[in-house]
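All remarks here apply to the structure that follows.
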Amino acid sequence: MHKIVIVGGGAGGLELATKLGDTLGKRKKASITLIDAKKTHIWKPLLHEIAAGSLNPDKDELDYLAQGHWHNFTFRLGKMNGLNRLKKQITLESFVDDDGVEIIPERTFEYDTLIISVGSTINDFGVKGAEENTIALDTQDQAERFHKKLHNSIIKAQTQSLDNTNILEIVIVGAGATGVELAAELHKSAREMTVYGLDNINPDKDIKISLIEASERLLPALPERMSRSVELELKKLQVSLYLNEKVVEVSKKGVRTVSGRNISSQLVVWAAGIKAPSFLKNIDGLKTNHINQLEVLSTLQTTVDKNIFAFGDCAACPVHPGSLELVPPRAQSAHQQASILFKSMKKVIVGKEDKLPNYVYKDYGSLVNLGRYSTVGNLMGSLMGGSMFIEGIIARLMYLMLYQMHLMALHGIMNVIFRLLAKLITRRTETRVKLH
């Protein structure tokens with residue numbers, strides 16, 4: 001059978017593996033292998049909720065092995081670190097446990113078609129002290145690490161003198177969607193934690209949240225009206241905003257900006273900028289750009305090797321054939337590209353590589369969720385004749401639907417309905433925030 005290997009089990013990679021497994025895998029027309037460095041999958045837009053403690057990942061994570069069993073693909077645990085295009089092989093580095101004991105040795109996998117969807121990591125732009133003194137929110141492990149630090153800091157603050165102010169100072173670098181959503185979620189979860197017996201803390205006095213952005217406004221990549229609405233809401237929450245401020249150094253005591261401003265902090269989250277994983281940089285001759293993204297054609301084939309595809313945040317793809325503008329690194333892009341690749345793979349296995357569809361990016365708008373406080377969005381499409389600004393309950397419902405649509409792509413509609421019913425039943429017996 002034709003061997004399709006997908007590296008990266010993010011939203012796009014997992015949706016693609018599931019669709020291919022349910023069709024080509026089930027009919028024994030191709031063998032589908034999904035490779036990821038983690039054993040479980042969590043939807044990346046939920047990471048800020050995990051970091052704040054609003055979401056318990058144990059209830060929303062998905063086991064790759066189980067998904068593969070249910071949907072006719074094979075899952076293998078490991079992190080790609082090498083490629084041999086001549087032999088059509090990829091190499092996975094050895095897998096070690098938390099104690100450094102090797103569990104799985106380095107090994108190779110053969111492919112007929114390779115699809116790379118390893119996503120992106122934060123880009124600290126080489127800022128002094130950023131790597132050592134900040135926490136990113138690229139993975140579930142990082143989000144859980146931040147939550148532990150946050151919870152420990154609040155527990156510590158509980159034992160401090162009532163005369164102390166700003167006992168816990170949190171700085172978020174980068175006011176894109178992740179940064180502003182995290183700021184609002186932290187405001188909410190910090191107050192909910194204090195309800196559960198932490199009565200020595202006044203959230204309005206003892207917890208300070210600061211947001212730093214190098215651009216002149218919040219959400220610089222989104223419409224200005226959304227920026228204004230989100231800025232107004234964050235000011236209501238008493239989040240300190242530092243706009244048009246570029247961070248030049250991060251230390252254990254805080255953050256220093258190019259203007260000479262020093263912002264003290266105990267916890268710093270870096271949410272500014274992205275780059276593709278460093279192992280992709282010119283791997284076995286494949287062309288990459290300055291942020292390690294693989295250069296691909298509109299068919300999502302790499303410019304050097306037609307048997308290797310890439311999509312999502314790790315791919316530098318034109319918005320339409322011949323364009324110099326690249327597809328933005330957004331969840332909707334990866335979802336659209338996964339749908340195109342599903343059609344492409346059905347052509348590849350029957351030898352119609354010369355008739356692959358071209359991907360054309362469609363911007364359906366953006367939604368930014370500020371938890372229980374507000375949700376704002378900008379919808380785009382021909383039905384509305386352009387763009388339409390939405391906020392409040394309608395925007396909130398549409399934001400919630402995005403996750404449900406992801407789950408439906410993985411599990412089907414009936415499974416999603418039963419999950420929602422189960423959550424409604426168990427919600428009354430659970431805390432509103434994770435307390436450990």
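The values are calculated or read from the model by the stated rules, or taken from the named source; none is laboratory data. Remember, predicted model here, so these are calculated numbers, not experimental data. No Cβ is skipped: glycine too gets one built from the backbone with ideal geometry, and neighbour counts run over all protein chains shown.
Structure values in brief
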quantity	calculated
Check on SER344, in contact with a strand residue (DSSP E or B) (Cβ under 8 Å, 6 or more places away or on another chain), modelled with pLDDT of 95 or more and not assigned by TED's automatic domain parsing to the domain that holds GLY176	yes
Given (1) in contact with a Leu (Cβ under 9 Å, 6 or more places away or on another chain); (2) surrounded by 15 or more Cβ atoms within 10 Å (Cβ to Cβ); (3) closer than 21 Å to LEU114 by Cα, index of the condition LYS347 fails	(2)
Any hit, segment 292-311, residues being of a type in the set (A, V, I, L, M, F, W, C), touching an Asp or Glu at 6+ places or on another chain (Cβ under 7 Å), assigned by TED's automatic domain parsing to the domain that holds MET80 and surrounded by 18 or more Cβ atoms within 10 Å (Cβ to Cβ)	no
Residue list for segment 269-291, filter: crowded, with 16+ Cβ neighbours inside 10 Å and closer than 17 Å to ILE115 by Cβ	ALA276, PRO277, LEU280, ILE283, LEU286, THR288
Residue under evaluation ILE90, criteria (1) of a type in the set (Val, Ile, Thr); (2) in contact (Cβ under 8 Å) with a residue 60 or more places away in the chain; (3) over 20 Å from ALA276 (Cβ atoms), criterion not met	(3)
Some residue of segment 328-337 being under 22 Å from the mean Cα position of the chain (by Cα), surrounded by fewer than 16 Cβ atoms within 10 Å (Cβ to Cβ) and either part of a loop (DSSP other than H, G, I, E, B) or hydrophobic (A, V, I, L, M, F, W, C) (or both)	yes
Hey, ALA184 touching a Phe, Trp or Tyr at 6+ places or on another chain (Cβ under 6 Å), assigned by TED's automatic domain parsing to the domain that holds ARG228 and surrounded by 17 or more Cβ atoms within 10 Å (Cβ to Cβ) or not	yes
Those strands (runs of 3 or more DSSP E) lying entirely in segment 348-436 with at least 2 residues at pLDDT 85 or above	365-369
Subset of segment 246-271 (residues that are in contact with a Ser or Thr (Cβ under 9 Å, 6 or more places away or on another chain) and part of a loop (DSSP other than H, G, I, E, B))	LYS246, LYS253, SER265, GLN266, ALA271
Answer residue from segment 3-53, given it is among the basic types (Lys, Arg) and buried (at least 20 other Cβ atoms within 10 Å of the Cβ) and is farthest from GLY312 (Cα to Cα) among those	LYS19
Boolean, ILE212 is assigned to a strand (DSSP E or B), under 30 Å from THR40 (Cα atoms), within 25 Å of the chain's Cα centre (by Cα) and not assigned by TED's automatic domain parsing to the domain that holds GLU49	no
Residue match in segment 21-30 (condition: touching a residue at least 24 places away in the same chain (Cβ under 8 Å), under 28 Å from SER189 (Cβ atoms) and assigned to a strand (DSSP E or B))	no
Residues located in segment 54-104, provided they are buried (at least 19 other Cβ atoms within 10 Å of the Cβ) and at pLDDT 90 or above	TYR64, GLN67, GLY68, HIS71, ASN72, PHE73, PHE75, GLY78, MET80, LEU83, ILE90, LEU92
Every residue from segment 390-419 that is out of contact with any helix residue (DSSP H, G or I) (no Cβ under 8 Å at 6 or more places or on another chain) and within 25 Å of ALA51 (Cα to Cα)	GLY392, ILE393, ALA395, ARG396, LEU397, MET398, TYR399, LEU400, MET401, MET405
Which listed residue is over 27 Å from the mean Cα position of the chain (by Cα) and over 20 Å from ALA177 (Cα atoms), from ASP98, ASP112	ASP112
Subset of segment 272-317 that is in a strand (DSSP E or B) and among the hydroxyl-bearing types (Ser, Thr, Tyr) - its residue that is farthest from ARG217 (Cα to Cα)	THR302
